[in-house]
Amino acid sequence: QFAQARIHNDHANAMKEVLKPKLLIIDDFGLSSLEHEQAHDLYEVVAERHNKGSIIITSNRPPGDWLDLFPDPVMANSLMDRLAHRAHHIAMKGESFRKRLSPERRNQQ
(Lines give C-alpha, C1' and ligand atoms only; values in the text may rest on other atoms or scores of the structure.)
Protein backbone atom coordinates (compact mmCIF):
# COMPACT_ATOMS: atom_id res chain seq x y z
CA GLN A 1 0.00 0.00 0.00
CA PHE A 2 2.79 2.43 0.90
CA ALA A 3 4.82 1.49 -2.18
CA GLN A 4 1.84 2.27 -4.43
CA ALA A 5 1.27 5.53 -2.57
CA ARG A 6 4.90 6.55 -3.18
CA ILE A 7 4.46 6.00 -6.91
CA HIS A 8 1.44 8.32 -6.87
CA ASN A 9 3.03 10.87 -4.48
CA ASP A 10 0.36 10.07 -1.90
CA HIS A 11 2.44 8.61 0.92
CA ALA A 12 1.21 11.15 3.50
CA ASN A 13 -2.43 10.24 2.86
CA ALA A 14 -1.67 6.52 2.98
CA MET A 15 0.02 7.03 6.35
CA LYS A 16 -2.98 9.00 7.65
CA GLU A 17 -5.28 6.12 6.70
CA VAL A 18 -3.14 3.59 8.58
CA LEU A 19 -2.93 5.84 11.63
CA LYS A 20 -6.67 6.55 11.72
CA PRO A 21 -8.16 3.39 13.34
CA LYS A 22 -8.16 2.93 17.11
CA LEU A 23 -6.78 -0.58 16.57
CA LEU A 24 -4.34 -1.53 13.83
CA ILE A 25 -3.86 -5.25 13.14
CA ILE A 26 -0.71 -6.39 11.34
CA ASP A 27 -1.27 -10.03 10.44
CA ASP A 28 1.43 -12.58 9.55
CA PHE A 29 4.31 -10.23 10.29
CA GLY A 30 7.77 -11.52 9.49
CA LEU A 31 7.05 -13.90 6.65
CA SER A 32 10.04 -12.35 4.89
CA SER A 33 12.73 -9.76 5.56
CA LEU A 34 11.82 -6.12 5.14
CA GLU A 35 13.26 -3.83 2.49
CA HIS A 36 14.59 -0.49 3.75
CA GLU A 37 11.44 1.44 2.74
CA GLN A 38 9.16 -1.18 4.29
CA ALA A 39 11.10 -1.07 7.54
CA HIS A 40 11.00 2.72 7.56
CA ASP A 41 7.23 2.74 6.95
CA LEU A 42 6.64 0.25 9.74
CA TYR A 43 8.85 2.25 12.09
CA GLU A 44 6.94 5.42 11.22
CA VAL A 45 3.59 3.73 11.87
CA VAL A 46 4.70 2.33 15.23
CA ALA A 47 6.33 5.60 16.27
CA GLU A 48 3.25 7.62 15.35
CA ARG A 49 0.86 5.21 17.08
CA HIS A 50 3.01 4.89 20.20
CA ASN A 51 0.84 5.95 23.17
CA LYS A 52 -1.94 7.01 20.74
CA GLY A 53 -3.41 3.82 19.32
CA SER A 54 -3.26 0.08 19.78
CA ILE A 55 -1.49 -2.40 17.52
CA ILE A 56 -1.95 -6.16 17.36
CA ILE A 57 0.77 -8.06 15.54
CA THR A 58 0.42 -11.71 14.68
CA SER A 59 3.44 -13.69 13.60
CA ASN A 60 4.70 -17.23 13.31
CA ARG A 61 8.05 -15.96 14.55
CA PRO A 62 8.83 -15.14 18.17
CA PRO A 63 9.50 -11.42 18.76
CA GLY A 64 13.16 -12.18 19.46
CA ASP A 65 13.53 -13.18 15.80
CA TRP A 66 12.02 -9.95 14.47
CA LEU A 67 15.25 -7.93 14.74
CA ASP A 68 16.85 -9.98 11.98
CA LEU A 69 14.06 -8.97 9.58
CA PHE A 70 15.20 -5.34 9.50
CA PRO A 71 18.05 -4.01 7.36
CA ASP A 72 19.00 -1.48 10.07
CA PRO A 73 19.55 -2.86 13.59
CA VAL A 74 19.24 0.59 15.20
CA MET A 75 15.81 1.11 13.65
CA ALA A 76 14.82 -2.44 14.61
CA ASN A 77 15.82 -1.92 18.25
CA SER A 78 13.99 1.39 18.44
CA LEU A 79 10.85 -0.11 16.91
CA MET A 80 10.96 -3.11 19.24
CA ASP A 81 11.45 -0.81 22.22
CA ARG A 82 8.31 1.12 21.32
CA LEU A 83 6.33 -2.06 20.73
CA ALA A 84 7.47 -3.65 23.98
CA HIS A 85 6.86 -0.54 26.10
CA ARG A 86 3.23 -1.42 26.87
CA ALA A 87 2.94 -4.75 25.15
CA HIS A 88 1.16 -7.89 26.16
CA HIS A 89 2.82 -10.89 24.56
CA ILE A 90 0.56 -13.89 24.07
CA ALA A 91 2.33 -16.99 22.78
CA MET A 92 -0.06 -19.57 21.40
CA LYS A 93 0.84 -23.20 21.02
CA GLY A 94 -0.95 -25.98 19.27
CA GLU A 95 -2.17 -26.96 15.89
CA SER A 96 -2.92 -24.29 13.32
CA PHE A 97 -6.54 -23.15 13.27
CA ARG A 98 -6.47 -23.22 9.45
CA LYS A 99 -5.25 -26.79 9.52
CA ARG A 100 -8.21 -27.76 11.71
CA LEU A 101 -10.58 -26.19 9.18
CA SER A 102 -9.08 -27.98 6.18
CA PRO A 103 -11.56 -30.02 4.09
CA GLU A 104 -9.70 -33.26 4.83
CA ARG A 105 -10.04 -32.72 8.60
CA ARG A 106 -13.73 -31.77 8.36
CA ASN A 107 -14.49 -34.94 6.39
CA GLN A 108 -12.83 -37.08 9.08
CA GLN A 109 -15.10 -35.76 11.82
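Under the condition of being part of a helix (DSSP H, G or I) and closer than 23 Å to ALA87 by Cβ, the residues counted in the stretch 12-32 number 3. All of (1) over 26 Å from MET92 (Cα atoms); (2) without any contact (Cβ under 8 Å) to a residue 12 or more places away in the chain; (3) open to solvent by less than 70 Å² (accessible area, probe 1.4 Å) hold for LYS20 with one exception: (3).
Applying the set (1) surrounded by 13 or more Cβ atoms within 10 Å (Cβ to Cβ); (2) outside any helix (DSSP H, G or I) to ASN9 leaves exactly one unmet item: (1).
Screening the stretch 33-109 for helices (runs of 4 or more DSSP H) wholly inside it with 1 or more residues that are over 29 Å from LYS22 (Cβ atoms) and at pLDDT 85 or above returns the ranges 36-49, 73-85.
Residue count for the stretch 34-61 satisfying the condition of being within 26 Å of PHE97 (Cβ to Cβ) and open to solvent by 70 Å² or more (accessible area, probe 1.4 Å): 3.
The values are calculated or read from the model by the stated rules, or taken from the named source; none is laboratory data. It should be emphasised that the depicted structure is a prediction, and the values quoted were computed from it without experimental measurement. Reconstructed Cβ throughout: ideal geometry from the backbone, glycine too, with neighbour counts over all protein chains shown. Just so you know, the surface numbers come from the protein's heavy atoms only, side chains and all, with ligands and any DNA or RNA stripped out. Shrake-Rupley method; radii C 1.70, N 1.55, O 1.52, S 1.80 Å.
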